[in-house]
Structures are given as structure tokens and as C-alpha cells.
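J.: Shown below is the structure under consideration.
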């Protein structure tokens, strides 16, 4: 092995990434070449110095407290989100019970129902006049809007994605 | 050293254990983030993001013993994401000259290593930190960065050569100064 070849592989040798026979080649060259051996030693020392230098990077004393506060804020936000979702679910589940006990709510529901029915009647009449292309475009636009709405809801309610942590 | 009992308690929702865990690991996370980014503000942001992820995902950690490597992974991904978002700043001639000048009256080797690391290109610094500080092997680095194994080898080798050159220039300048 010559010096050029040795310098090409010495970094891998330091990292113990060479095959056993390539390792033996380089070891015998290092024994006979003081220059390459010096470079090898420098690389080994550099590793220790890098570790030492990073280990001595000063850390501000209040950083731990700042992190704890950020984590607590995140916890509070999570709990608030959970509370809102629970309230929404309870309202959705409990609303039929309210209807049973309130005549006014029942009247309101009847009104909404009749408005909806009228609207559907109008749509049905309009469909007779509209071209198939217009109907297709309207249905597509409504579907896209619905998907967009669902996506936004998902974004608001979703939990952190564990995949981004475990990836 | 990792306190598995502490991690187990934190996984179980013990807030005191979680606080202790965060306070124990904050310096390590900060130093690793600083090694990658060489910007104290960015590193502090990363520390907060990392621990929020840890807090949210800790119950999903399968084994307490795997905590350290799991944490390392989170830090690495968070730092690499940050580095990607940061605009690439080319190394100016002034910063290279400043590093080579005998400005440090006290020949502080640690400070010089730190500055030499910050002078390296982001690509070179990243592979050196992954290899030397975090101890990933070439295969793992290749997977983390999504680059071929051959590129990892050549990048590490070239990063070391650059570091060596920067350090020997600095040493020479100090001896002359």
C-alpha cells in the first residue's frame, strides 16, 4: 500500500469501517510510514477534541426552566383541545334529549326542516333546467369544499403524529 | 447515565419524573443542537421542540433502555429539519481569515475546534457531528441523510481533512503571532 491509498482509507480505518484484510494492509503501512501514522494520530485526537469541545459548550442556566414551561404550555393546550372536543361530543350526543324536552327547539327544528325541504324542492326543479355539465361542476365543487372542511377539522383536532418522531 | 426507573415513571405520567428527565437531558440536547446549527437561539428552539415531542410520544416508547437512542434520533431529525429551513450561508473569506488569525490571545484549543466546526460547510459539519459526537456508523448516517454509503465515506474524509487544515493554519498563525 502506498501513502495515497492509505490517506484515501485512513478515515474509514479510524472509524473501524474497513474490512479485516483492508485493515491489516493499512496497519502494516502505518507501522512503516511515520507521516501517515502522524495523520492517523491527528484524526484520533481530533475526535476527542471535538467531543470535548461540544461537551464544554456553555448552557444558559435557565434553559431547563424554559423548556419545562414550554412543555407545560403544550400540556395545557392539549388539555384545552381535549375539553373542547369533549364538549362538542356531549352537545352532539345530548342534543336529541334537549329536543324531547323543549317545544321551542322542536318548532325551530320543524322550521329548519321545512326550509331544507323547500330548498331541496328548488334544487330538484333547478336540476331539471340545468345542463349535466353544470350539475357535475356544482357537485364536484361541493365535494371539494366538503373535503377541505374535513381536512381543516382534522388539522384542528389531530393529535401529534407519532410517525414523525419514530421515523 | 440513563436512569431507567426515572424514564419508566415519566412514561407512566409522573410529572416530577418527567421534569427531572427534562432537566437532566437539557444540556445534552442543547449541546447537540448547537453542534449541528452553531446558533444559540436556534439551538434553544430545538431543545423546546425536542422535549415537546418527547413529552407527547414518551408513552409510545417501547423500552426505557432505548430512551437515549430514541432521543438522539429526535434531536437529529429536528436539527436536520432546522438546518434545511435555514438559508445556506457560504463560508466567507473573512471568516476563514479570522479563524486563521492569531486573534485568540489564549490559545484555547476548545474554542478553536468550536470555531473550526462552525466554519465547515453544513454538509461537512453534519456528518462530523453525526459520526464523532453522536457515534452513528456509516450505514446509519447514510440512512439518516438519505445519501449513498460512498458519499458518507467521502464526506467524512473530506470534512476531517478540512478540519485538520483549519486547525493547522490556526496553530501556525498562533506560533507566528
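J.: Once you have the alpha carbon radius of gyration of the protein assembly as shown, what is it after dividing by 2.2 N^0.38 Å, with N set to its residue count?
T.: 1.48
J.: Any chance you could give the angle, 0 to 90 degrees and rounded to 10, that helix A:63-101 forms with the longest Cα principal axis of chain A?
T.: Helix A:63-101 sits at roughly 20 degrees to that axis.
J.: Another question about this same structure. Semi-axes, largest first, in whole Å: what does sqrt of 5 times each Cα gyration tensor eigenvalue give for the stretch A:17-106?
T.: The equivalent ellipsoid of the stretch A:17-106 has semi-axes of 71, 22, 5 Å.
J.: For residue B:149 and residue A:66, what does the FRET efficiency come to when R0 = 51 Å and r is the distance between their Cβ atoms, rounded to the nearest 0.05?
T.: In this case the efficiency is close to 0.80.
J.: Please work out the C-alpha center-to-center distance from the stretch B:112-133 to the stretch B:33-84 and express it in whole Å.
T.: Result: 18 Å between the Cα centres.
J.: If I model a spin label as a point 7 Å beyond the Cα along the Cα-Cβ vector, how far apart are those points for residue B:20 and residue B:173 in nm?
T.: 4.7 nm
J.: In 5 Å bins starting at 0, how do the alpha-carbon pair distances of chain A split up by percent?
T.: Each 5 Å bin holds this share of Cα pairs: 1, 6, 7, 7, 7, 7, 7, 6, 6, 6, 6, 5, 5, 5, 4, 5, 4, 3, 2, 1, 0.
J.: Using the number of other C-beta atoms within 10 angstrom as an exposure proxy, rank A:106, A:63 with the fewest first.
T.: By the 10 Å Cβ count, ascending, the order reads A:106, A:63.
J.: Among A:52, A:15, which comes first, then next, by fewest other beta-carbon atoms within 10 Å? It would help to have the intermediate numbers written out before the result.
T.: Numbers: A:52 12, A:15 18.
Listing A:52, A:15 from fewest to most nearby Cβ atoms yields A:52, A:15.
J.: Same structure again: May I ask you to give the average projected area over all directions of the convex hull of the Cα atoms of the stretch A:77-148, in nm² rounded to one decimal? Don't jump to the answer; show the numbers that get you there.
T.: Details: hull surface 29.4 nm².
Result: 7.3 nm².
J.: Got a sec? How would A:40, B:36 order by Cβ neighbour count within 10 Å, fewest to most?
T.: By the 10 Å Cβ count, ascending: A:40, B:36.
J.: Taking each pair of distinct Cα atoms in the stretch A:3-55 once, what is the resulting Kirkwood hydrodynamic radius in Å?
T.: Hydrodynamic radius (Kirkwood, Cα only) of the stretch A:3-55 equals 11.5 Å.
J.: Compute the distribution of all C-alpha to C-alpha distances in the stretch B:1-68, in bins of 10 Å from 0, and list the percent of pairs in each, rounded to whole numbers.
T.: Calculated P(r), rounded to whole percents: 22, 50, 25, 3.
J.: Measure nothing fancy, just the Cα-based angle from helix A:103-129's long axis to the longest principal axis of chain A, in degrees from 0 to 90, nearest 10.
T.: Helix A:103-129 sits roughly 80 degrees off the main axis of chain A.
J.: Moving on to the next point. Would you please put B:39-45, A:74-80 in order of how densely packed they are, using the mean number of other Cβ atoms within 10 angstrom per residue and starting with the highest?
T.: Averaged packing, sorted descending, gives the order B:39-45, A:74-80.
J.: Angle check, please: helix A:132-157 long axis (alpha carbons) against the longest principal axis of chain A (alpha carbons), in degrees 0 to 90, nearest 10.
T.: Helix A:132-157 sits at roughly 60 degrees to that axis.
J.: Can you compute the helix-only [θ] at 222 nm over the protein assembly as shown? Use -39500 (n - 2.57) per DSSP H run of at least 4 residues, normalise by all residues, nearest 500 deg cm²/dmol.
T.: Counting only the DSSP helices, I get -26500 deg cm²/dmol.
Coordinate-derived values only; no laboratory data. These figures come from a predicted structure and were not determined experimentally. Neighbour counts run over all protein chains shown; Cβ positions are idealised from the backbone, glycine included.
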